[in-house]
Every structure is written in structure tokens, then in C-alpha cells.
Amino acid sequence: MKILSIETSCDETAISLLDITGPLEKPDIKVLGNTLLSQVALHAEYGGVYPNLAKREHEKNLPILLEQTLQEAREDSENPQIDCIAVTAGPGLEPALWTGITFAEELGKKWGKPVVPVNHMAGHIFSVLYNLDKPLQMPALALLVSGGHTELVHIKDFGNYEIIGRTLDDAVGEAFDKVARMLGLPYPGGPKISALAEEARRNNPNYEKLPRSFSFPRPMINSKNLNFSFSGLKTAVLYKLRDEKRTDEEFKEIVAKEFEDAAVDVLIAKTRKALESFGTDIKTLIVAGGVSANIKLSNELEKLSTDFPHITLRLPDKLLTTDNAIMIGIAAFVNISLEPELLRDQTPIKASGNLTLNS
Ligand code: KG4
Ligand code: ZN
């Protein structure tokens, strides 16, 4: 099945053309064309994503990326040989989502092709289907960690999701970005915090044993449920910076490391708790979303998975950790395989900023 997919939920404009065949558990995914324009540099001066600027940029970028993607795939831009168009309908910034949806619907009319809505978080989950060595086994548990989400999802089967834990305030990626901002680092701060933290581990390998060492709280780590909270951790960093009044590089590195250790500890503890509650029912642990690129997190996940020999840990290919259109095409393939009527559904697609899985 040939799918042209479009992603505009946040600050990345992306289009890809995929040819996907085979079983859901291990599809054969050929990327015929793939393009992406990041607006990160533009939003950096606002310290976060500015919705109306994102919308304007998506509008400008989409026709350019479409042309490039079709050229890369050697498709005729007047009459491409595709089966459908997939577009992110939510969650995300509504003005940004509408840009992609309007563009997709117009193309659908022009080419006479169906347009299929995709949930962005399902995109992150199924990004792990790309380049699989062995079939993806269900049921699975997914830890979704991005700039807008921190969720634990019980995936009973393809298309059957239950959110069993979520953040009550900030998303973990958002906390990384806010702490980076406090340290004077540009948006998005996650990769920069991670690099500083790695530096601290190299320079001060025994930091925890030093007399002046400090650590940050692990909010809700012992709570009975699977929910998260990161805003208290962020505030603890703010107070530390205010009280110490140090701006030297070594201090920044240690703050980054202590913050990262605290955030990762909570993610791992809640994932462990969820895995324990399912016994041997869960076959796969999927970790996806932008923060899944974090080295400390992936190292700790590897360690965690040794305690659960019946599960296989799946993280996306590096190319697919942050937002992209390939994952949207893959999630569309999953949706269509489960519900082929989607290709005949003419209901206009609506942007939904708070779209949840299973809705
Ligand atoms: O999934 P994504 O690209 O966009 C959303 O759907 O939100 O995730 C972006 C988030 C940002 O908050 C960014 O700082 C974070 O992922 N991120 C990281 C790393 N790389 C990206 N956070 C921690 N460590 C990283 N290496
Ligand atoms: Zn995302």
C-alpha cells in the first residue's frame, strides 16, 4: 500500500511517501520519499513553540516538501500512483494541525484519493515497526515521552489502547526544555541537558559521594498509581539555581545531571511498577517520543529489561525518535489494516489538540 503522509502537529513540517506491505507485526516498509523541515531555530527565541508562527511556516513549507517528496519517489505531482493520504489529526497545536489537514484534504480532492486521520501518539508508538528484526509481539506496554506527553499505555493489541498512567502537570520533555531555559540553553533543551549531564558524569564520576553533593526530588516515585509529575522537580531546580547563585560550567553540568537522574529515575520506577503489575502478560516494552533519544534513559531501560526476561525492549530507529512523517504513514497502515472502511470514509477530518488514543 502506497501512503503519502503529512505531519504538522508541532514545529516540524514533514512529508513522506511509503510503500508498506506484509503483516502488521512485521511490515515491510519502503521509504520512497522523505522530507522534513524543522522550525526549531525560529521558535528558539520564544523559548518554546509559538503556534501562529508554526502555522505560517507549515503553510509555506508544505508545497515545497510535497514537490521534493514526489520527486524523490519519482511520482507525477499531477497524478501520483498512491493509495491514500495520511495526516496527523491530533494531539498537537490546533492551528498547526489544521494546516496539514487542509492541505491533505485539498490534495485528496485534486487527486481523487482518500484521506485518513492519524493520532500522533499512535505514530510514535508504531515508529518501532520500522526496520524490525523480529515481529512485534502483543500485548505491549508503551512509555511515551515527548514535549507534550508522558504516558504509560497498555496496548492490548493493535488498535486497542488503554492509558494507565499520565503526567498530572508538565510532560518530561517540557521539563527538560524548561530546565534548559533556566540554564540559559536554547530550545529544545533535551539534547543539550543530556550532553551536559554526560559531561558531569565524565568529569565527576563519584559526584554522589562528595560532601557538597545534592540531589533533586523524585516526585510521585512512591505513589500507588502510575501517574507522573514533573513540575515540582522543575521548581526544585529553579530554587537551587536561585540559592546557589553559581553560573560556572561545572555547576550547570551537575544541575543537568541531577535533574536528568531524577527525571529518569521516576520514568523507570513507574515503568517497572507497570510491568510488575502485568506479570508475564506483557511481551514488549515500547519506548517512543522525542525523549526516547535520551542516552541515560535508554541505558536505564536496558538495565530494567534484564529484570523482565520475557519482554523485548523496542526503541525507534534514531531517525524516527523526534517528530517525522514516516511514523504517521506507518500508523495509517496499522489503522487501515484494522479498519479498511477508513479508505471509504468521506467525513471531513477535524483537528483535535487533545486527541487521545482510542478516540
Ligand atoms: O516527540 P517530539 O519530537 O515532539 C513532541 O511530540 O513533543 O519530542 C520533543 C521533545 C522535546 O521536549 C525535546 O527537548 C525532547 O523531546 N528531547 C530530548 C532529547 N531529544 C529530544 N529530551 C531528553 N534527551 C534527549 N536526548
Ligand atoms: Zn511527537
Could you list, in sequence order, all residues of region 174-220 that are in a loop (DSSP other than H, G, I, E, B) and crowded, with 16+ Cβ neighbours inside 10 Å? Leu183, Leu185, Tyr187, Pro188, Gly189, Asn204, Phe216, Arg218, Pro219, Met220
Please go through (1) out of contact with any strand residue (DSSP E or B) (no Cβ under 8 Å at 6 or more places or on another chain); (2) in a helix (DSSP H, G or I) for Val291 and return the number of the only condition it doesn't satisfy. (1)
Which condition number in (1) closer than 23 Å to Ile221 by Cβ; (2) modelled with pLDDT under 95 is the one that Asp307 fails? (2)
State whether one or more residues within region 313-322 are within 24 Å of the chain's Cα centre (by Cα), surrounded by 15 or more Cβ atoms within 10 Å (Cβ to Cβ) and more than 30 Å from Leu97 (Cβ to Cβ). yes
Restricting the search to region 28-82, which residues are among the small types (Gly, Ala, Ser), touching a residue at least 40 places away in the same chain (Cβ under 8 Å) and assigned to a loop (DSSP other than H, G, I, E, B)? Gly47, Gly48, Ala73
How about region 98-145: which of its residues are within 16 Å of ligand 1 (Cβ to nearest atom), over 30 Å from Asn79 (Cα atoms) and outside any helix (DSSP H, G or I)? Ala142, Leu143, Leu144, Val145
In this structure, is Ile326 within 16 Å of ligand 2 (Cβ to nearest atom), touching a Lys or Arg at 6+ places or on another chain (Cβ under 7 Å) and either at positive phi or at pLDDT 95 or above (or both)? no
How many residues does region 1-25 contain that are surrounded by fewer than 24 Cβ atoms within 10 Å (Cβ to Cβ) and within 21 Å of the chain's Cα centre (by Cα)? 3
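The values are calculated or read from the model by the stated rules, or taken from the named source; none is laboratory data. Everything quoted here is computed from the prediction, not taken from an experiment. Ideal geometry is used to build each Cβ from the backbone, glycine not excepted, and the neighbour counts take in all protein chains shown.
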